[in-house]
1. Determine the pairs where a residue that is without any contact (Cβ under 8 Å) to a residue 60 or more places away in the chain, located within segment 98-115, has a partner that is among the aromatic types (Phe, Trp, Tyr) with Cβ atoms under 6 Å apart, the partner being 6 or more residues away or on another chain.
2. Answer yes or no as to whether Arg75 is crowded, with 18+ Cβ neighbours inside 10 Å and of a type in the set (Lys, Arg).
3. Could you tell me which of the residues Arg297, Arg290 is at pLDDT 95 or above and within 12 Å of the ligand (Cβ to nearest atom)?
4. Looking at Leu382, Leu327, Leu335, which one is within 20 Å of Phe115 (Cβ to Cβ) and not small (Gly, Ala, Ser)?
5. Identify the residue in segment 228-253 that is open to solvent by less than 10 Å² (accessible area, probe 1.4 Å) and away from the ligand (no atom under 11 Å from the Cβ) and, among all such residues, is farthest from Glu175 (Cα to Cα).
6. Considering Thr219, Thr191, which residue is of a type in the set (Ser, Thr, Tyr), touching a residue at least 40 places away in the same chain (Cβ under 8 Å), assigned to a helix (DSSP H, G or I) and away from the ligand (no atom under 14 Å from the Cβ)?
7. Hey, among Ala378, Ala362, Ala332, Ala344, which residue is surrounded by 24 or more Cβ atoms within 10 Å (Cβ to Cβ) and more than 17 Å from the chain's Cα centre (by Cα)?
8. Residue under question is Glu383, and the condition is that it be open to solvent by 40 Å² or more (accessible area, probe 1.4 Å) and either in contact with a helix residue (DSSP H, G or I) (Cβ under 6 Å, 6 or more places away or on another chain) or within 16 Å of the ligand (Cβ to nearest atom) (or both); does it hold?
Amino acid sequence: MLTNAYVKSVYEQTAARNGTDREFLQAVYEVFDALQPYVEKHPELEANGILERLVEPDRMVSFRVSWVDDKGKVRVNRGYRCQFNSAIGPYKGGLRFHPTVTPSVIKFLGFEQIFKNSLTGLPLGGGKGGSDFDPKGKSDGEIMRFCQAFMTELHRYIGANVDVPAGDIGVGGREIGYLFGQYKYLKNNFTGVLTGKGLAFGGSLARTEATGYGLLYFTDEMLRTMRGETLDGKVVVISGAGNVAIYAAQKAMELGAKVIAMSDSQGYVYDPNGINLPVMKQLKEKERARISEYCNRVPGAVYGDNRSDVWKLPCDIALPCATQNELDGESAKALIANGVTAVAEGANMPCTPEAVELFLEAGVLFAPAKAANAGGVATSGLEMSQNSQRFSWTFEEVDAKLKTIMVNIFHNAYRAAEECGKKGNLVVGANVAGFIKVSEAMLAEGVF
Ligand code: NDP
């Protein structure tokens, strides 16, 4: 609950100004709620209008994206780029292509990105972008023409030292390749303006795996420090079957856990023998098929057509890795009743505020997205470093750096929570630890 007068008044102004932006206001409320103990001890924040400035993006562009489908018909989508905060580095954050993309979704993701990027310890500001374009069912040619049209406008606003987009839902290696090609064509400039690139043209080894692997490095460190346990022998349920979910599953298995279920936007599969990852990768990365197809290929697996029911399966660890607000209070109650001991967010804001509160009250270890899924952007930061040096590190080098970053993020968040008198509350810890560096930079850089 917001009790601090300054925090409350800025939240109310933000709500009045962004009335219909539900996801954005949800993200602001969560951050503000967590920051209160820190804000109370730092009156210079109010004196310098830090919170008021923090919730207003530096700029947000919205643009028309016109492209031609395979039948020759002209289609029009809307594109966005939100450059939220550059206090500690160039804007950095992914592009999402999904029909549910709205200004509110882009702003919530951009706002979260400010703190996440700060937590990585790298000099990266916060931004996000995307389009309401739906890549599902589109041919490669259509995807290419859409990406080219999108970049034809976006290229005006980005640059290697200005704003460096990456992937997110619906934007993987294929899309980044087309976007990069168009940027290079328009600018006649080969530069590290996007991350998540192919290995042949400046991509980093381990970027594909980074968010999922990082999530598990964080979860492992959380279990060791807060419970004296490891992932070995734990039963894990994962939502989603995209980039984050697949590599979370892979690392969980490598660390000795058994992943019994995964999902997509249509439903989920339960495999009592443990998910067969090569089959899942073939279906989702190569064939772009529905997850129900898994049951036709793996004997003993069962399909359920309500994706939320994945949270009714008994497990030790739950990893929501699909999308925002996918795990609500009812699902949290089911997980707690079935004895879940840890929940770590791979997706951005996948747990509703009610679910988070229930987990914290029940003593379930809870790893918030901005800390737990920061491995993707951290490795994007490493890709930028390699591009600047015109050099490539080995998979092992990048993976080792990723692991160190995730372990550090955990301990910084854990320590910050303790210093705020909220020991073990990583929601408070992650928000405060991410905020400190950004607010100090904003104070030092003056009012603008
Ligand atoms: P992908 O597009 O690779 O996969 C998304 C997965 O989530 C798919 O299985 C998709 O199912 C499912 N999904 C998408 N929308 C919905 C929905 N409305 N309801 C239920 N399921 C849905 O995306 P990523 O794996 O890259 O991203 C997943 C999450 O992780 C997002 O919240 C993203 O912001 C976050 N994230 C991603 C990072 C990255 O490096 N990729 C970094 C940090 C965070 P279907 O195929 O049926 O649509």
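1. Between residues of segment 98-115 that are without any contact (Cβ under 8 Å) to a residue 60 or more places away in the chain and residues that are among the aromatic types (Phe, Trp, Tyr), the close pairs are Ile106/Tyr80; Gly110/Phe84.
2. Judged against the criteria, Arg75 is not a match.
3. Arg290
4. Step by step, each of Leu382, Leu327, Leu335 is checked, and only Leu382 is within 20 Å of Phe115 (Cβ to Cβ) and not small (Gly, Ala, Ser).
5. Looking at the filtered set, the residue picked out is Leu231.
6. Thr219
7. Ala332 is the lone residue from the list that is surrounded by 24 or more Cβ atoms within 10 Å (Cβ to Cβ) and more than 17 Å from the chain's Cα centre (by Cα).
8. no
The values are calculated or read from the model by the stated rules, or taken from the named source; none is laboratory data. Everything quoted here is computed from the prediction, not taken from an experiment. Note: ideal-geometry Cβ built from the backbone for every residue, glycine included; neighbour counts use all protein chains shown. Each accessible area value is taken on the protein alone, full model and side chains, heavy atoms only, with ligands, DNA and RNA left out. Shrake-Rupley method; radii C 1.70, N 1.55, O 1.52, S 1.80 Å.
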